[in-house]
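This report concerns only the one structure given below.
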(Lines give C-alpha, C1' and ligand atoms only; values in the text may rest on other atoms or scores of the structure.)
Protein backbone atom coordinates (compact mmCIF):
# COMPACT_ATOMS: atom_id res chain seq x y z
CA UNK A 1 0.00 0.00 0.00
CA UNK A 2 2.78 2.44 0.89
CA UNK A 3 4.58 1.60 -2.35
CA UNK A 4 1.41 2.22 -4.38
CA UNK A 5 0.77 5.53 -2.62
CA UNK A 6 4.36 6.64 -3.09
CA UNK A 7 4.27 5.71 -6.78
CA UNK A 8 1.05 7.60 -7.49
CA UNK A 9 2.28 10.58 -5.49
CA UNK A 10 5.58 10.62 -7.38
CA UNK A 11 3.83 10.47 -10.76
CA UNK A 12 1.45 13.27 -9.77
CA UNK A 13 4.30 15.46 -8.57
CA UNK A 14 6.28 14.90 -11.78
CA UNK A 15 3.25 15.81 -13.91
CA UNK A 16 2.66 19.04 -12.00
CA UNK A 17 6.34 19.96 -12.20
CA UNK A 18 6.38 19.27 -15.95
CA UNK A 19 3.28 21.43 -16.48
CA UNK A 20 4.14 24.41 -14.30
CA UNK A 21 7.91 24.11 -13.70
CA UNK A 22 7.11 24.62 -10.02
CA UNK A 23 9.12 22.39 -7.71
CA UNK A 24 7.19 23.34 -4.57
CA UNK A 25 3.83 22.67 -6.24
CA UNK A 26 5.05 19.30 -7.50
CA UNK A 27 6.22 18.27 -4.03
CA UNK A 28 2.93 19.41 -2.47
CA UNK A 29 0.87 17.42 -4.98
CA UNK A 30 3.04 14.35 -4.45
CA UNK A 31 2.60 14.56 -0.67
CA UNK A 32 -1.14 15.18 -1.06
CA UNK A 33 -1.66 12.11 -3.23
CA UNK A 34 0.52 10.00 -0.94
CA UNK A 35 -1.49 11.07 2.12
CA UNK A 36 -4.79 10.65 0.28
CA UNK A 37 -4.12 7.08 -0.78
CA UNK A 38 -2.88 6.17 2.68
CA UNK A 39 -5.98 7.68 4.28
CA UNK A 40 -8.43 5.62 2.23
CA UNK A 41 -7.26 2.29 3.61
CA UNK A 42 -10.32 0.41 4.79
CA UNK A 43 -12.69 2.81 3.03
CA UNK A 44 -14.86 2.24 -0.01
CA UNK A 45 -12.41 3.01 -2.81
CA UNK A 46 -15.18 3.46 -5.36
CA UNK A 47 -16.76 6.14 -3.22
CA UNK A 48 -13.41 7.83 -2.57
CA UNK A 49 -12.57 7.74 -6.27
CA UNK A 50 -15.98 9.17 -7.08
CA UNK A 51 -15.36 12.11 -4.75
CA UNK A 52 -12.03 12.81 -6.43
CA UNK A 53 -13.64 12.64 -9.88
CA UNK A 54 -16.37 15.07 -8.84
CA UNK A 55 -13.79 17.52 -7.51
CA UNK A 56 -11.90 17.21 -10.80
CA UNK A 57 -15.06 17.91 -12.81
CA UNK A 58 -15.71 20.98 -10.66
CA UNK A 59 -12.19 22.27 -11.33
CA UNK A 60 -12.63 21.70 -15.08
CA UNK A 61 -15.91 23.65 -14.97
CA UNK A 62 -14.31 26.53 -13.06
CA UNK A 63 -11.37 26.60 -15.46
CA UNK A 64 -13.63 26.67 -18.53
CA UNK A 65 -15.84 29.38 -17.05
CA UNK A 66 -12.86 31.49 -16.02
CA UNK A 67 -11.29 31.20 -19.47
CA UNK A 68 -14.57 32.05 -21.18
CA UNK A 69 -15.65 34.94 -18.96
CA UNK A 70 -12.33 36.58 -18.12
CA UNK A 71 -10.40 36.10 -21.37
CA UNK A 72 -8.69 39.27 -22.56
CA UNK A 73 -7.89 39.56 -26.26
CA UNK A 74 -5.91 42.13 -28.24
CA UNK A 75 -6.33 41.87 -32.00
CA UNK A 76 -4.73 43.73 -34.88
CA UNK A 77 -1.75 44.74 -32.74
CA UNK A 78 0.70 46.52 -35.05
CA UNK A 79 4.37 46.71 -34.03
CA UNK A 80 7.27 48.11 -36.02
CA UNK A 81 10.63 46.37 -35.89
CA UNK A 82 12.50 47.67 -32.86
CA UNK A 83 9.33 49.24 -31.48
CA UNK A 84 6.95 48.42 -28.65
CA UNK A 85 3.26 48.61 -27.89
CA UNK A 86 1.50 48.87 -24.53
CA UNK A 87 -1.45 46.57 -23.81
CA UNK A 88 -2.75 47.41 -20.35
CA UNK A 89 -0.09 45.97 -18.03
CA UNK A 90 1.78 44.22 -20.85
CA UNK A 91 4.38 45.52 -23.26
CA UNK A 92 5.24 43.74 -26.51
CA UNK A 93 8.63 44.62 -27.98
CA UNK A 94 9.38 43.43 -31.52
CA UNK A 95 13.12 42.86 -31.60
CA UNK A 96 13.41 41.73 -35.20
CA UNK A 97 11.88 39.74 -38.05
CA UNK A 98 13.87 37.12 -39.92
CA UNK A 99 13.41 34.26 -42.37
CA UNK A 100 14.18 30.62 -41.58
CA UNK A 101 14.01 27.75 -44.05
CA UNK A 102 14.16 23.97 -44.14
CA UNK A 103 13.51 21.35 -46.80
CA UNK A 104 9.73 21.75 -46.67
CA UNK A 105 9.00 25.18 -45.21
CA UNK A 106 9.88 28.83 -45.38
CA UNK A 107 9.16 30.55 -42.08
CA UNK A 108 8.85 34.22 -41.31
CA UNK A 109 9.75 34.49 -37.63
CA UNK A 110 9.21 37.43 -35.28
CA UNK A 111 11.20 37.69 -32.07
CA UNK A 112 9.01 39.37 -29.47
CA UNK A 113 9.81 40.16 -25.84
CA UNK A 114 6.75 40.17 -23.58
CA UNK A 115 6.99 42.35 -20.47
CA UNK A 116 4.54 42.71 -17.61
CA UNK A 117 4.90 45.66 -15.25
CA UNK A 118 8.41 46.21 -16.59
CA UNK A 119 9.59 42.61 -16.04
CA UNK A 120 10.42 40.27 -18.91
CA UNK A 121 8.00 37.32 -18.87
CA UNK A 122 9.18 35.46 -21.96
CA UNK A 123 10.59 35.78 -25.45
CA UNK A 124 8.18 34.47 -28.06
CA UNK A 125 8.87 33.37 -31.63
CA UNK A 126 5.53 33.44 -33.49
CA UNK A 127 5.81 32.34 -37.10
CA UNK A 128 4.09 32.42 -40.44
CA UNK A 129 4.82 29.14 -42.22
CA UNK A 130 4.85 28.82 -46.01
CA UNK A 131 4.93 25.22 -47.27
CA UNK A 132 7.00 24.84 -50.44
CA UNK A 133 4.81 22.18 -52.15
CA UNK A 134 1.85 24.58 -51.78
CA UNK A 135 3.21 27.62 -53.59
CA UNK A 136 0.00 29.64 -53.66
CA UNK A 137 -1.47 28.58 -50.33
CA UNK A 138 -1.97 31.07 -47.54
CA UNK A 139 0.68 31.07 -44.78
CA UNK A 140 -0.09 29.08 -41.65
CA UNK A 141 0.42 30.97 -38.37
CA UNK A 142 1.82 29.20 -35.33
CA UNK A 143 0.82 30.22 -31.82
CA UNK A 144 3.35 30.77 -29.06
CA UNK A 145 2.02 29.76 -25.63
CA UNK A 146 3.37 30.25 -22.14
CA UNK A 147 1.54 28.42 -19.36
CA UNK A 148 1.56 29.88 -15.87
CA UNK A 149 -0.19 28.62 -12.72
CA UNK A 150 -2.99 31.20 -12.97
CA UNK A 151 -3.19 31.91 -16.71
CA UNK A 152 -1.95 31.21 -20.22
CA UNK A 153 -0.53 33.79 -22.63
CA UNK A 154 -0.98 33.33 -26.39
CA UNK A 155 0.80 35.28 -29.12
CA UNK A 156 0.31 34.78 -32.87
CA UNK A 157 1.54 36.69 -35.90
CA UNK A 158 -1.23 37.42 -38.42
CA UNK A 159 0.63 39.31 -41.12
CA UNK A 160 3.52 41.58 -42.07
CA UNK A 161 4.34 44.56 -44.23
CA UNK A 162 5.98 44.16 -47.62
CA UNK A 163 9.28 45.60 -46.37
CA UNK A 164 9.32 43.23 -43.34
CA UNK A 165 9.58 46.21 -41.00
CA UNK A 166 6.15 45.85 -39.45
CA UNK A 167 4.13 42.88 -38.20
CA UNK A 168 0.56 42.30 -37.05
CA UNK A 169 -0.19 40.22 -33.97
CA UNK A 170 -2.96 38.81 -31.81
CA UNK A 171 -2.35 38.54 -28.06
CA UNK A 172 -4.57 36.69 -25.58
CA UNK A 173 -4.52 36.43 -21.80
CA UNK A 174 -6.62 33.46 -20.67
CA UNK A 175 -6.89 32.83 -16.91
CA UNK A 176 -7.50 29.60 -14.99
CA UNK A 177 -6.55 27.25 -17.82
CA UNK A 178 -4.41 25.35 -15.31
CA UNK A 179 -7.59 24.34 -13.46
CA UNK A 180 -8.70 22.43 -16.56
CA UNK A 181 -5.46 20.44 -16.61
CA UNK A 182 -5.50 19.90 -12.85
CA UNK A 183 -9.14 18.81 -12.96
CA UNK A 184 -8.39 16.39 -15.78
CA UNK A 185 -5.58 14.84 -13.74
CA UNK A 186 -7.91 14.50 -10.76
CA UNK A 187 -10.55 12.79 -12.91
CA UNK A 188 -7.93 10.29 -14.09
CA UNK A 189 -6.60 9.82 -10.55
CA UNK A 190 -10.12 9.36 -9.19
CA UNK A 191 -10.87 6.75 -11.83
CA UNK A 192 -7.70 4.87 -10.91
CA UNK A 193 -8.57 4.98 -7.20
CA UNK A 194 -12.10 3.76 -7.91
CA UNK A 195 -10.74 0.77 -9.82
CA UNK A 196 -8.42 -0.36 -7.03
CA UNK A 197 -9.62 -3.76 -5.86
CA UNK A 198 -10.60 -4.00 -2.22
CA UNK A 199 -8.06 -6.75 -1.53
CA UNK A 200 -5.25 -4.32 -2.37
CA UNK A 201 -6.35 -2.07 0.49
CA UNK A 202 -5.14 -2.98 3.96
CA UNK A 203 -8.00 -2.44 6.44
CA UNK A 204 -7.32 -0.12 9.34
CA UNK A 205 -7.03 -1.82 12.69
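Checking 59, 36, 87 one by one, the residue that is modelled with pLDDT under 90, surrounded by 13 or more Cβ atoms within 10 Å (Cβ to Cβ) and assigned by TED's automatic domain parsing to the domain that holds residue 140 is 87 and no other.
Taking the conditions exactly as written (modelled with pLDDT under 80, at negative phi and surrounded by 12 or more Cβ atoms within 10 Å (Cβ to Cβ)), does residue 43 satisfy them or not? Yes; evaluated as a whole, the condition is true for this residue. The residue that is farthest from residue 181 (Cα to Cα), counting only those in the stretch 66-79 that are loosely packed, with under 13 Cβ neighbours inside 10 Å and in contact (Cβ under 8 Å) with a residue 40 or more places away in the chain, is 76.
Every residue, every condition in (1) surrounded by fewer than 19 Cβ atoms within 10 Å (Cβ to Cβ); (2) within 21 Å of residue 82 (Cβ to Cβ); (3) modelled with pLDDT under 85, yes or no:
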| site | (1), (2), (3) |
| --- | --- |
| 104 | yes, no, yes |
| 113 | yes, yes, no |
| 116 | yes, yes, no |
| 146 | yes, no, no |
| 159 | yes, yes, no |
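Is it fair to say residue 134 is assigned to a loop (DSSP other than H, G, I, E, B), modelled with pLDDT of 80 or more and farther than 30 Å from residue 47 by Cα? So residue 134 fails the test.
The values are calculated or read from the model by the stated rules, or taken from the named source; none is laboratory data. Keep in mind the model is a prediction, meaning the values are calculated, not measured. Virtual Cβ from ideal backbone geometry, glycine too; neighbours counted across all protein chains shown.
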